[in-house]
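Asker: Quick one: the structure is below, questions incoming.
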Amino acid sequence: MQSIVSSHHLCFAPPPPPPVLGHRLICHSLPSIRLPSHRSPTSLRLFSCAAESEMAAAAKEDGQDLRIPKIASSIRVIPDFPKPGIMFQDITTLLLDTEAFKDTIDIFVERYKGKGISVVAGVEARGFIFGPPIALAIGAKFVPMRKPKKLPGKVISEEYSLEYGTDKIEMHVGAVEPGERAIIIDDLIATGGTLAAAIRLLERVGVKIVECACVIELPELNGREKLGEAPLFILVTSDAA
Amino acid sequence: MFAVENGLQGDPRLQTISDAIRVIPHFPKTGIMFQDITTLLLDPVAFKHVVDIFVDRYKHMNISLVAGVEARGFIFGPPIALAIGAKFVPLRKPGKLPGRVISEEYELEYGNDRLEMSMEAVKTHERALVIDDLVATGGTLSASINLLERAGAEVVECACVVGLPKFKGECRLKGKPLYVLVEPSQLD
């Protein structure tokens, strides 16, 4: 196992502007992506960035975190799932790779430990896999954000748009308190609809969103734009050819 | 088998865990006293106790695979897997897992449901642990055992945070031992 000899500094440079698109890209028309799978070695463009004025500034270190290419290569891409035209980013293969899974959690924990974060909110269901280990390691509570009718007792809910129709996510009343500092975790950000709804839910009860954190971003879908003031931290992107 | 029957009698962590679980009466339907573990997740000390107890039990059992049942098994399984150096395998509702899957049907009170696992998840003869938050009828855990055994794994044990009292003693599910931390909490 490779050990990281240099310390992992956070990148605080502002992100480069997203590519200007002549038309609205939707998931169906996503061209072949550059994110490597087990089976096909392809070049990988890595992009890891965050900007948060409350965190101490630190210079970006030259050279990448050596853990990230291994994490990226552990993610499997399944074409035409759940429907034709969609390239599904399958993190279950990352979970089968003990080193990659540990590295993923370690990177997030290194970033969020000691920052006064008391809430890790995870979006059902894959956010439930990544959120709790991070919460435990940084001493924060884990708050599940669930599909409707799953949480017992009193909930607040937030609606968000899908391609066709709407969906809702819910959180327990009393799970969080005003003034708490939170991160929101999911495996992937695509259009940003779910994360934006999670942000709104937490902000409605007075929680400060320090950052949204995902393993994977699909930047062509411009999910970042839906997040408002909340920064986004990701480990790997899938990139148009 | 409950933790108190197996070396943890008097361990104050068990009371902390039990106290952190909230009871919601008549959810999802009348007559059911729902054991809500989300309040345990809001208590980092209690949540850590759960993980620590399971990790202490399983870290020297040569377990290379932890399977967690959707969705609350996804919360408890990964921290255990990470701590013992095992891989995590999600067992999911139908249609969620991409790629090739095997599926197992099981009975609900009314009707049936199905659980799926990726065909690539298991190497033959791997030693596996199954995790869920709670065991009631044992239907879901039994389906999980079937999935893992069909794929060639050896299920060492099933582990749950909460279990009905009928699982005391040498109670087994499909011949596999069951390890439970606490009985259901009562309403105050």
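The values are calculated or read from the model by the stated rules, or taken from the named source; none is laboratory data. Model, not experiment: these values are computed from the prediction. When we count neighbours, we look across all protein chains shown, and the Cβ atoms used for this are built from the backbone with ideal geometry, even at glycine. Just so you know, the surface numbers come from the protein's heavy atoms only, side chains and all, with ligands and any DNA or RNA stripped out. Shrake-Rupley method; radii C 1.70, N 1.55, O 1.52, S 1.80 Å.
Asker: Stokes-Einstein at 4 °C, 1.567 mPa s, Kirkwood radius from Cα pairs: D for segment A:149-231 in µm² s⁻¹?
Answerer: This corresponds to a translational diffusion coefficient of 97 µm²/s.
Asker: Counting only other chains, what is the mean number of Cβ atoms within 10 angstrom of the Cβ of each residue in peptide A:152-160?
Answerer: 2
Asker: Could you tell me how many degrees, from 0 to 90 and to the nearest 10, lie between the Cα long axis of helix B:139-150 and the main elongation axis, the longest principal axis, of the Cα atoms of chain B?
Answerer: So the inclination is approximately 30 degrees.
Asker: Let me ask something additional. Here is the link list: A:70/A:113; A:113/B:93; B:59/B:176. Which ones come out longer than 25 Å on Cα distance?
Answerer: Too far apart for the 25 Å limit: A:113/B:93.
Asker: Could you give the spread of the C-alpha atoms of segment B:30-188 along their three principal axes, from largest to smallest, in whole angstroms?
Answerer: 47, 39, 31
Asker: Can you give the translational diffusion coefficient of segment A:74-134 in µm²/s, computed by Stokes-Einstein from the Kirkwood radius over Cα pairs at 25 °C and 0.890 mPa s?
Answerer: 187
Asker: Now for a different question. Where in chain B is the longest stretch that carries no trypsin sites (Lys or Arg not before Pro) classed as loop by DSSP and with at most 12 other Cβ atoms within 10 Å?
Answerer: B:101-188
Asker: Taking segment B:1-92 on its own, what percent of its Cα-Cα pair distances exceed 22 Å?
Answerer: Every Cα pair in segment B:1-92 considered, those over 22 Å come to 36 percent.
Asker: What do you get for GluC sites (Glu not before Pro) in segment A:207-241 restricted to DSSP loop and a cutoff of at most 12 other Cβ within 10 Å of the site's Cβ?
Answerer: Passing both the DSSP loop test and the Cβ count: A:229.
Asker: Percent of Cα-Cα pairs more than 15 Å apart in segment A:84-192, please.
Answerer: Across segment A:84-192, Cα pairs with separations above 15 Å total 69 percent.
Asker: Turning to a different aspect of this structure: On the full set of protein chains, 1.4 Å probe, figure out the accessible area of residue B:53 and give it in Å² to the nearest 10.
Answerer: That residue has around 10 Å² of solvent-accessible surface.
Asker: Next question. Can you give me the angle between helix B:73-84 and the longest principal axis of chain B, using Cα atoms only, in degrees from 0 to 90, rounded to the nearest 10?
Answerer: The helix B:73-84 is inclined about 80 degrees to chain B.
Asker: Take peptide B:88-95, look around each residue's Cβ out to 10 angstrom, count Cβ atoms belonging to other protein chains, and average those counts.
Answerer: Mean shielding by partner chains, rounded to a whole number: 3.
Asker: Give me Rg/Rg_expected for segment B:136-188, where Rg uses Cα atoms only and Rg_expected = 2.2 N^0.38 Å with N residues.
Answerer: 1.23
Asker: Okay, moving on. Taking 0.36 nm per intervening residue step and subtracting the Cα-Cα distance, what contour gain separates residue B:100 from residue B:9 on full extension?
Answerer: Result for the pair: 28.4 nm of gain on full extension.
Asker: In segment B:119-188, which GluC sites (Glu not before Pro) are in a loop and have at most 12 other Cβ atoms within 10 Å, using DSSP for the loop call?
Answerer: Qualifying residues, ordered by number: B:170.
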